[in-house]
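Below is one structure; the comments refer to it alone.
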Amino acid sequence: CHVQAYLHMYDVTRGLQQNGLFLLNTIFEGEELVNFIPNNVKKYFADKNITVYYINATKIAQEIGLGNRTNTILQSAFFRITEVIPVDLAVEQMKKAIVKSYGKKGEDVVRMNYAAVDRGGEYKLLPVDPAWANLPADKKVTYDEPEYITNLVRPINAQLGADLPVSAYKGIEDGAWEQGTAAYEKRGVAGFVPVWNPDNCIQCNKCAFVCPHSCIRPFVMNDEEAAGFKGKTVDMKAPAAMRGMHFAIQVSVKDCLGCGNCADVCPGNPKLGGPALKMVAYDDSSEAAAQEAANWEYCVKHVTSKQNLVDIKQSPKNSQFATSLFEFSGACSGCGETPYVKLIAQLFGDREMVANATGCSSIYSGSIPSTPYTKNAKGQGPAWSNSLFEDFCEYGLGMVLATKKMKKRITMLLQEMIASDKTSAGYKAAAQNWIEQQNDAEGSKAAAAALKPFIAEGAASGCPVCARLKELDHYLVKRSQWLIGGDGASYDIGYGGLDHVIGSGEDVNIFVIDTEVYSNTGGQASKATPIGAIAQFAANGKRVGKKDLGLMQTIYGNVYVAQVAMGADQSQCLKAFREAEAWHGPSLVIGYAPCINHGLKAKGGMGKSQAEEARAVECGYWHLWRNNPALAAEGKNPFQLDSKEPDWDKFQSFLEGEVRFLSLKKAAPAEAQELYDACKEAAKRRYKTYVRKTQEDWSLD
Ligand SMILES: Cc1ncc(C[n+]2csc(CCOP(=O)(O)OP(=O)(O)O)c2C)c(N)n1
Ligand code: SF4
Ligand code: SF4
Ligand code: SF4
């Protein structure tokens, strides 16, 4: 068992035979270890005469420099303990495989993995006490939670889904799934968590903006709420509507994955020593951890959202006062994709529909039984679905057309009501107002709120048209339709569909999360992979340049297009999402997203994913721009270049900061520099094209 916490989460001894062997990776020893192992497991060990070994592979991996990668150490321990093949042969074969798998990644990586094989012998025997056979069964833990979590979600999470009767799925035969289930998977697996120092905090909310897992948030409390809170708070001076209230940055330590991005972006108060967040070693069984977890529970249960006091779309800071409707995803720690998905859900989630392509985003957004998409206090949240890898745009277009049809039906029914003598003047005015406001997000919200009581009253008093309207009333608020997919889905396999949907002129928002590889299937090259990068199917570095998907779509003229990288400019990213959503036509936003497949060399790895985005823009590897057709309609140039003139001198060191480029020196030593130069040249050409676009004359005379 490679994660000690699994002893308490899964039936880890299932299938373990009489006289079998069990190996545990654990940070504990001696009595502490014995106390940690649940009674059920100890009893099983004694009953079945199991030989138990343990090893602290977590510590060894850190000492070797492998971070949290314990697999090779544990594999080596496995071969040594089981002797399924002679140990010498196993060691020889493992080392051969290491050279084959990691040789191109550099000597360092090979050396660390060799050390992992050698240190796999550091396991110890845990004596099994025969008296464990008489231990009482562990107490069944009960939680205060909805029934479907207890009866469906927990068994599936415990890998006991196959034991569930078909009747457990009664009511959800169509595949619909409750939202917010990820919130019940409190894992407490972070090695380090951020600790907040309120004295240094400038209340910028940058930490919450970037958290890939939505587990650090600002909470704004009134006096009463603050009185019951056991954590620290500071008084608020701004924004004006929140002045005098109490501000707290609270971490969900049980959900945090310890990436460190929040602390890395935290500016803090430079006069007081800088960052207000510090990553500190985390012990899930400590009292401090229990208190932090209790503080989080208090905040989510007893502190109401104050988002109505500000315009959440106005600034990155304000956006983080919005309830998170995408929380605790199971994406890799520090993932570059999820902060974007979370932001979209915060800004538009109360009326958002998502058609998601298969890829990492479909896996972390909806792997039964877990979904991070959730609801706000009013029960509103994103409606999400995934069809295939290749058809997310057509799938989303179908949703748009269906919604359109329903709204047309509502319009016809309301017109019928307006034409009737029996309809009150108030009802008629509300109906007319909705007909006019139906395609405006805020306008339709207000119009729907005014109209709904008339519909409900009419339906209750037997009006058949009102009854039909009531069935459709969830279509009254304008929906925010998003089509989300990776670069593989968008640049490659789903490109035909993407182009078709953009060409339809419909009001859709396409968000492409660009990791420049097929991340979910292990990093195959896509048309978004830049020249020189090593990826699967491009083992010696890709030889063809990256396709400029965004620029291509600007040619249509009626498409809002933007390229963003939130780590480089949070405001520009927010602005792009805001403008894209507001544009009554097709929009395409492409977000740069660092991924584990890139192999960030910076200390902290994916904990520097936001900083890596900033570096990419600073050196000219990635550019920020927006192309807004609304400006063209006014005779202005729609193209705006938002990133500064790059510092091209930093380009090569940016490339060398990622294994996907650095390993080119091993894979294709003779051509490495040539490919680096080609990559830089391609980036320069792109930049110059963008600069030229800013100089175009779009006046209509
Ligand atoms: C037709 C088809 N081919 C292949 C796959 C397997 N597959 C699923 S996701 C994926 C890659 C997704 O890459 P990308 O679109 O870049 O998204 P990311 O995982 O990077 O977010 C592949 C190849 C599939 N589901 N369907
Ligand atoms: S360490 Fe990472 S996961 Fe944890 S709160 Fe910070 S950004 Fe979120
Ligand atoms: S990023 Fe730092 S300064 Fe800004 S709100 Fe978070 S903790 Fe405070
Ligand atoms: S593989 Fe990459 S894109 Fe996928 S979840 Fe991990 S970091 Fe995110």
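Neighbour counts of other C-beta atoms within 10 Å: give me GLU390, GLU178 arranged from fewest to most. Can you show the working numbers first?
Details: GLU390 19, GLU178 15.
With the fewest neighbours first, GLU390, GLU178 line up as GLU178, GLU390.
Could you please state, rounded to a whole Å, how far the C-alpha centre of segment 307-346 is from the C-alpha centre of segment 599-655?
Taking the Cα centre of segment 599-655 as reference, the centre of segment 307-346 is 21 Å away.
For the chain, just list the percent of Cα-Cα distances falling in each 10 Å bin from zero outward, please.
The percentages, shortest bin first, are 3, 13, 21, 25, 20, 11, 5, 2, 0, 0.
Of ALA562, ILE363, ILE50, which is farthest towards the positive pole of the chain's charge dipole, taken about the Cα centre with +1 and -1 on the beta-carbons of Lys, Arg and Asp, Glu respectively?
Of the listed residues, the answer is ALA562.
What spacing in nm lies between the two simple spin-label points modelled at LEU135 and VAL300, each 7 Å away from Cα in the Cβ direction?
3.0 nm
Just to confirm a number: summing +1 for Lys and Arg and -1 for Asp and Glu over residues other than PRO239 whose beta-carbon lies under 11 angstrom from that of PRO239, what do you get? Could the numbers behind the result be given before it?
Working: positive: LYS237, ARG243, LYS306, LYS317; negative: ASP311.
Result for the neighbourhood of PRO239: +3.
Using 0.36 nm per residue of separation minus the Cα-Cα distance, give me the extension gain between ALA602 and ARG69 in nm, one decimal.
On the way: separation 533, 0.36 × 533 = 191.88 nm, distance 1.66 nm.
In short, 190.2 nm is gained.
How high is the relative contact order of the chain, in percent, counting Cα pairs under 8 Å that sit 6 or more residues apart? The partial results should precede the final answer.
Values: 1287 pairs, mean separation 67.1, N = 701.
Relative CO of the chain lands at 10 percent.
Compute the separation of the alpha-carbon centres of segment 495-549 and segment 202-273 and state it in Å as a whole number.
36 Å
How would VAL517, VAL99 line up from fewest to most surrounding beta-carbon atoms within 10 angstrom?
On the way: VAL517 28, VAL99 12.
Fewest-to-most ranking of VAL517, VAL99: VAL99, VAL517.
What size of dipole, in debye to the nearest 20, comes out for segment 6-134 about its Cα centre when the only charges are +1 on Lys and Arg C-beta atoms and -1 on Asp and Glu C-beta atoms?
So the magnitude is around 480 debye.
Could you list log10 I(q)/I(0) for segment 543-621 at q = 0.22, 0.24, 0.27 Å⁻¹, which the Debye formula gives when each Cα is one point scatterer?
Scattering profile of segment 543-621, log10 relative to I(0): -1.05, -1.13, -1.23.
What list do you get for ARG543, ARG69, ARG154 if you sort them by fewest beta carbons within 10 Å?
Working: ARG543 12, ARG69 15, ARG154 19.
Result, fewest neighbours first: ARG543, ARG69, ARG154.
Determine, from the Cβ-Cβ distance of GLU83 and ALA46 and an R0 of 25 Å, the FRET efficiency 1/(1 + (r/R0)^6), rounded to the nearest 0.05. It would help to have the intermediate numbers written out before the result.
Working: r = 24 Å, r/R0 = 0.96.
Taking R0 as 25 Å, the efficiency between GLU83 and ALA46 is 0.55.
Obtain the nm distance between the two label points defined at PHE537 and GLN432 by a simple spin-label model: each point lies 7 Å from its Cα along the Cα-to-C-beta direction.
Each label point lies 7 Å from its Cα, and together they span 5.8 nm.
Using all alpha carbons of segment 391-541, what is the percent of pairwise distances in each 5 Å bin, ordered from the shortest bin to the longest?
Values per bin, smallest distances first: 2, 9, 15, 15, 11, 9, 8, 8, 7, 5, 5, 3, 2, 1, 0, 0.
What nm value, rounded to one decimal, do you get for the distance between SER285 and LEU388 when each label is placed 7 Å out toward the C-beta?
5.0 nm
Could you tell me which residue out of ASN39, GLN18, THR82 lies farthest along the dipole of segment 6-134 toward its positive end? Charges go on the beta carbon: Lys and Arg +1, Asp and Glu -1, centred on the Cα centre.
In segment 6-134, that residue is THR82.
Can you give the extra length, in nm with one decimal, that the chain gains between SER461 and ILE27 once fully stretched, where that is 0.36 nm per residue apart less the Cα-Cα distance? Can you show the working numbers first?
Working: separation 434, 0.36 × 434 = 156.24 nm, distance 6.76 nm.
Length gained between SER461 and ILE27: 149.5 nm.
Just add up the charged neighbours of SER609: K/R +1, D/E -1, any other residue whose Cβ is under 12 Å from the Cβ of SER609.
On the way: positive: LYS608, ARG615; negative: ASP264, GLU337, GLU612, GLU613, GLU658.
Around SER609, the surrounding residues sum to -3.
Please report, in cubic angstrom per residue, the volume enclosed by the convex hull of the alpha-carbon atoms of segment 516-694.
Numbers: hull volume 20.3 nm³, N = 179.
With only Cα atoms used, segment 516-694 gives 113 Å³ per residue.
What FRET efficiency, computed as 1/(1 + (r/R0)^6) with R0 = 35 Å and r the Cβ-Cβ distance, is obtained for GLU442 and LYS422, rounded to the nearest 0.05? Please list the in-between numbers first.
Numbers: r = 31 Å, r/R0 = 0.89.
For R0 = 35 Å, the calculated efficiency reads 0.65.
Give me the three principal axis extents of segment 185-322 from the C-alpha atoms, as integers in angstrom, largest value leading.
40, 32, 26
Output the pairs from LYS313/LYS478; LYS206/LYS375; LYS527/LYS603; LYS317/LYS603; LYS547/LYS601; LYS405/LYS452 with a Cα-Cα distance over 21 Å in this structure; if there are none, say none.
On the way: LYS313/LYS478 17 Å; LYS206/LYS375 23 Å; LYS527/LYS603 29 Å; LYS317/LYS603 28 Å; LYS547/LYS601 26 Å; LYS405/LYS452 19 Å.
From the list (LYS313/LYS478; LYS206/LYS375; LYS527/LYS603; LYS317/LYS603; LYS547/LYS601; LYS405/LYS452), the Cα-Cα distance tops 21 Å for LYS206/LYS375; LYS527/LYS603; LYS317/LYS603; LYS547/LYS601.
I want to check a number: in segment 94-139, how many lysine pairs have alpha carbons closer than 20 Å, given a sequence separation of 8 or more or different chains?
Values: LYS95/LYS104; LYS95/LYS105; LYS96/LYS104; LYS96/LYS105.
Final tally of qualifying lysine pairs is 4.
So if we plug the beta-carbon distance of GLN18 and ASP199 into 1/(1 + (r/R0)^6) with R0 = 56 Å, what FRET efficiency do we get, rounded to 0.05? Write down the numbers at each step before the final one.
Working: r = 60 Å, r/R0 = 1.07.
Calculated transfer efficiency: 0.40.
Bins of 5 Å, beginning at zero and ending with the bin holding the largest distance: percent of Cα pairs per bin for segment 15-146, please.
2, 10, 17, 17, 16, 12, 10, 8, 5, 3, 1
So for segment 64-199, averaging the separation of alpha carbon pairs under 8 Å that are six or more residues apart and normalising by length, what relative contact order in percent results?
On the way: 62 pairs, mean separation 29.1, N = 136.
About 21 percent, as a whole number.
Under 15 Å from the Cβ of ILE60, count the other residues' Cβ atoms, weight Lys and Arg +1, Asp and Glu -1, and hand me the total. Write out the running numbers ahead of the final one.
Values: positive: LYS59, ARG69, ARG80, ARG111, ARG119, LYS124; negative: GLU29, GLU63, ASP118, GLU122.
With Lys, Arg at +1 and Asp, Glu at -1, the net is +2.
If you count the DSSP beta bridges with both ends in the chain, what percent of them are antiparallel, to the nearest 5?
Details: 29 of 60 bridges.
Antiparallel bridges: around 50 percent, rounded to the nearest 5.
Want the number for LYS375 to ASN269: 0.36 nm per residue separation, take away the alpha-carbon distance, what's left?
Details: separation 106, 0.36 × 106 = 38.16 nm, distance 3.43 nm.
Working it through step by step, the gained length comes to 34.7 nm.
Please provide three numbers in whole Å: the alpha-carbon extents of segment 273-416 along the principal axes, with the largest listed first.
62, 38, 30
Each reported figure results from applying straightforward, stated rules to the coordinates on display, with no laboratory input. Quick caveat, the model's predicted, so the values are computed rather than measured. For neighbour counting, all protein chains shown are included, and Cβ atoms are generated from backbone atoms with ideal geometry for every residue, glycine included.
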